[in-house]
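A short worksheet on the structure shown next.
The values are calculated or read from the model by the stated rules, or taken from the named source; none is laboratory data. Computed from a predicted model, the values in this text were never measured in an experiment. Neighbour counts run over all protein chains shown; Cβ positions are idealised from the backbone, glycine included. We work out accessible area using only protein heavy atoms, side chains counted, and drop any ligands, DNA or RNA first. Shrake-Rupley method; radii C 1.70, N 1.55, O 1.52, S 1.80 Å.
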Amino acid sequence: MSPSFYIQSSITDTTKAVLYIEIDAMGLSYIVMEDGVCFLLAVYHFPTGSTDETVAAFIHQIIADQPFLKEKFNKVQIIYGYAATVLVPSQFMNDTDNSALLELVYGDVNERVTRSDFMSK
């Protein structure tokens, strides 16, 4: 899969940089930053009507095709940009209530998988 948009400046040491990856239903993008300076920006668009399985295959292909993504980074932040998400303060977080929270906000969304993630800040 080829990127729709790709800009890279020279960076030799990624161990001090932060890799931000955003995945949503329409595509995947990533950016590499160090001290507020962007060294790389890439955007990939998934074909319209892609299934979960084809999206997973595209993500695996992107990772395999981009050796830069296999470098060591100081930190990696993965952002899931799907509409049916709810941010909950940690003191109210309860894994057994995740589906109920989504249904409360979005109604019956018929999600196949419900995931949770802890964000420290």
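For the reader, a short list of remarks on this structure follows.
- Selection status of Val113, outside any strand (DSSP E or B), closer than 23 Å to Tyr30 by Cβ, β-branched (Val, Ile, Thr) and at pLDDT below 90: yes
- Per the conditions (1) farther than 30 Å from Ile11 by Cα; (2) of a type outside the set (Ser, Thr, Tyr); (3) part of a strand (DSSP E or B), the sole criterion not satisfied by Glu103 is (3).
- Subset of region 16-49 (residues that are of a type in the set (A, V, I, L, M) and open to solvent by 40 Å² or more (accessible area, probe 1.4 Å)): Ala25, Met26, Ile31, Met33, Val37, Leu41
Table: residues versus (1) among the aliphatic types (A, V, I, L, M); (2) buried (at least 16 other Cβ atoms within 10 Å of the Cβ); (3) free of Cβ contacts under 8 Å to residues at least 12 places away in the same chain.
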residue	(1), (2), (3)
Ala56	yes, no, yes
Glu71	no, no, no
Asp97	no, no, yes
Leu104	yes, no, yes
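- Scope region 1-38; condition out of contact with any Asp or Glu (no Cβ under 9 Å at 6 or more places or on another chain), of a type in the set (Phe, Trp, Tyr) and modelled with pLDDT of 90 or more; matching residues: Tyr20
- Condition check for Ile63: in contact with a helix residue (DSSP H, G or I) (Cβ under 8 Å, 6 or more places away or on another chain) and either open to solvent by 60 Å² or more (accessible area, probe 1.4 Å) or modelled with pLDDT under 75 (or both): yes
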